[in-house]
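What follows is one structure encoded as structure tokens, with my remarks underneath.
The values are calculated or read from the model by the stated rules, or taken from the named source; none is laboratory data. Nothing here was measured: the structure is a model prediction, and the numbers come from that model. Cβ placement follows ideal geometry from the backbone for every residue including glycine, while neighbour counts extend to all protein chains displayed. Note: areas computed on protein heavy atoms with side chains; ligands, DNA, RNA excluded. Shrake-Rupley method; radii C 1.70, N 1.55, O 1.52, S 1.80 Å.
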Amino acid sequence: MPSYDWIEIQTPDDYDRLVGVLDPEFEPKKISHRLKSEGTAAAKGVLVEHGYVDKDYRSTYYNFYAKKGRQYRPDCVRLHFFDPLVRYDEARTDIYSTDGRPQDHYFGYIVLRPTIVATLGRSVLSPNIRLGARGRAIQSVHHVNLLGHQLTVWGFPSMAQHVDIAVCAHVSCWAILRYYSQTFPQYREYLVHDITQLVAPFDAGGLVPSLGFDDQAAERVFNAAGCFPLLIVKGKSSSNESFYYQLLAYLESGFPLYVGMDTEEHAIVMVGYNWRQPPVLPSGASTHIWSQVETFLAVDDNLLPYSTVQLHSTGSVGASPSYTADSFDAFIVALPDKIHYPAAAIEDFSKKFEGWFARRRGPEEEPLQLRRYFITTISRLREHVREYHSQLGDTLVGLIMHLETAQFVWIVEYCSVAQWEAGRVAARAVVDATASPNDPVPMWLLHDEDIALVFDRSSAKMNPTAISLDRTGLGPLPRIELNLRPV
């Protein structure tokens with residue numbers, strides 16, 4: 001039977017009151033400590049929803065915990081987080097806010113499983129209440145029904161590993177597939193136990209799930225779920241720049257990445273990044289935008305979501321997480337169908353055509369110093385140019401609106417460091433994401449601030465048509481930021 005408790009949070013120590021309202025099998029002391037040490041002060045109220053039926057826990061309960069000698073209860077607890085404007089009316093069993101819109105003051109929820117250990121279950125939290133989270137992150141909108149209210153929160157699904165029926169690799173696969181099912185209608189929803197079934201072609205009972213699986217098995221999980229996974233393994237060189245270029249390109253494309261770390265024996269989901277402020281001047285020739293990344297944002301089953309991952313070790317003792325981007329050994333991007341042109345090929349393309357744009361710049365202009373590329377859909381690109389019509393001009397907007405492209409395109413941008421800091425670019429290419437890596441001319445469109453080259457990919461000759469953009473007085477081109485939301 002559902003019941004509710006309300007806890008006001010004036011100081012972080014108020015989370016300790018969870019110990020008084022939660023049964024011991026929900027591990028309240030550990031949950032309280034995690035909220036105090038990893039959350040911000042933004043949340044000022046927690047509604048504790050007892051007797052909650054969680055579909056992911058039920059999938060493991062019926063297929064695993066109900067078969068054990070120890071008795072486990074089938075219901076969970078759900079914690080809902082609100083800002084200071086929300087209050088709970090116990091007499092009316094209702095939440096309300098001073099502006100009459102409690103849905104605008106919601107930070108998401110955490111489900112607690114009655115498993116005694118590793119109790120942090122399915123959760124969707126706003127990154128705005130995660131200590132240290134900043135930059136941009138992959139998020140989707142989640143709808144929550146609570147006391148007759150439909151609440152919404154933007155976030156990324158997460159949970160702690162069960163330790164027995166599911167470990168970090170299972171949870172990482174689950175989080176990515178849950179994000180896909182929440183965001184794209186063509187993907188079905190997979191529960192935690194479903195993931196254990198996808199790992200191997202037999203019933204993964206007994207100890208098998210808790211022994212984990214490797215990157216190749218994770219690749220099979222995504223394939224079985226209807227995705228087209230691409231496994232990128234770090235090489236043996238000291239820099240491995242190409243590995244990180246590809247990682248950032250797919251992350252900027254809005255694809256959450258399954259990241260494996262052999263030394264750590266751990267798997268996480270990469271969901272965001274933060275740019276350096278101010279930007280760093282590249283040494284020597286132009287470079288990939290990877291040089292401007294300060295930190296990553298990860299969903300790690302050992303922590304609350306959106307933990308900050310440093311690029312390199314800082315040497316500080318007790319840092320959380322203890323690993324850095326140097327620890328990454330491989331990543332998997334679960335691509336949709338119709339993306340055939342990989343990030344490694346677009347890196348070669350971006351360097352090849354940078355010279356054409358550079359030769360068009362006058363001696364008084366800053367040289368092109370940074371290049372960036374990511375995938376988007378043609379519809380999202382058209383939304384962007386419609387929004388920035390006044391800065392792009394009628395001709396360029398019209399070209400993109402009439403462009404006959406495939407559904408997915410690579411966007412390549414070139415700029416100086418000063419333009420990057422101002423959110424501007426000098427030139428851009430729109431490349432066919434369905435092209436073959438061996439295609440010598442994979443682009444649909446090249447343009448800078450003054451001229452565009454439009455390519456007819458239905459012709460074998462691929463001779464471009466040059467068109468003057470007539471952007472007099474419109475200023476620099478705006479940078480495209482499409483796939484991730486600001487934190």
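State whether the residues of segment 385-401 include one that is basic (K, R) and either within 18 Å of S253 (Cβ to Cβ) or touching a strand residue (DSSP E or B) at 6+ places or on another chain (Cβ under 6 Å) (or both). No: segment 385-401 contains no residue that is basic (K, R) and either within 18 Å of S253 (Cβ to Cβ) or touching a strand residue (DSSP E or B) at 6+ places or on another chain (Cβ under 6 Å) (or both). All conditions in (1) surrounded by fewer than 18 Cβ atoms within 10 Å (Cβ to Cβ); (2) within 29 Å of H193 (Cβ to Cβ); (3) among the β-branched types (V, I, T) hold for I31, with the sole exception of (1).
Of all residues in segment 227-250, none satisfies being among the charged types (D, E, K, R) and within 17 Å of S172 (Cβ to Cβ). Residue pairs whose Cβ atoms lie under 8 Å apart, sitting 6 or more positions apart in sequence or on different chains, and linking a residue in segment 361-373 that is at negative phi and open to solvent by 50 Å² or more (accessible area, probe 1.4 Å) to a partner that is charged (D, E, K, R) and at pLDDT below 85, are P367/R361.
Considering segment 56-79, and only residues there that are hydrophobic (A, V, I, L, M, F, W, C) and farther than 20 Å from V21 by Cβ, the residue that is least open to solvent (accessible area, probe 1.4 Å) turns out to be F64.
Name the residues in segment 453-487 that are among the acidic types (D, E) and on the phi > 0 side of the Ramachandran plot, would you?
Once the filter is applied, which keeps residues that are among the acidic types (D, E) and on the phi > 0 side of the Ramachandran plot, segment 453-487 yields only D470.
Considering segment 80-132, the residues that are assigned to a loop (DSSP other than H, G, I, E, B), hydroxyl-bearing (S, T, Y) and more than 15 Å from T152 (Cβ to Cβ) include one that is most open to solvent (accessible area, probe 1.4 Å), namely T98.
Checked against (1) in a loop (DSSP other than H, G, I, E, B); (2) modelled with pLDDT under 95, T60 passes all but a single condition, namely (1). Counting residues in segment 39-55 that are open to solvent by less than 40 Å² (accessible area, probe 1.4 Å), within 28 Å of S307 (Cα to Cα), β-branched (V, I, T) and assigned to a helix (DSSP H, G or I) gives zero.
Of all residue pairs spaced 6 or more apart or on separate chains, those with beta-carbon atoms under 8 Å, a first member in segment 246-262 that is of a type in the set (D, E) and a second member that is surrounded by fewer than 24 Cβ atoms within 10 Å (Cβ to Cβ) and not in a strand (DSSP E or B) are E252/N483; E252/L484; D262/D329. Within segment 390-408, if we keep just the residues that are in contact with a helix residue (DSSP H, G or I) (Cβ under 6 Å, 6 or more places away or on another chain) and among the β-branched types (V, I, T), the residue that is most open to solvent (accessible area, probe 1.4 Å) turns out to be T405.
Do we have Y4 as touching a residue at least 24 places away in the same chain (Cβ under 8 Å) and either under 31 Å from the mean Cα position of the chain (by Cα) or within 13 Å of R113 (Cβ to Cβ) (or both) here?
Considered against the rule, which asks whether it is touching a residue at least 24 places away in the same chain (Cβ under 8 Å) and either under 31 Å from the mean Cα position of the chain (by Cα) or within 13 Å of R113 (Cβ to Cβ) (or both), Y4 comes out as no.
List every residue pair whose Cβ atoms lie under 6 Å apart, where the two residues are 6 or more positions apart in sequence or sit on different chains, the first residue falls within segment 25-43 and is among the charged types (D, E, K, R), and the second residue, located anywhere, is assigned to a helix (DSSP H, G or I) and open to solvent by less than 20 Å² (accessible area, probe 1.4 Å). Listed pairs, sorted by first residue: K36/Y15. In a residue-by-residue description of segment 458-475, the property of being surrounded by fewer than 17 Cβ atoms within 10 Å (Cβ to Cβ), more than 32 Å from the chain's Cα centre (by Cα) and in a helix (DSSP H, G or I) applies to no position.
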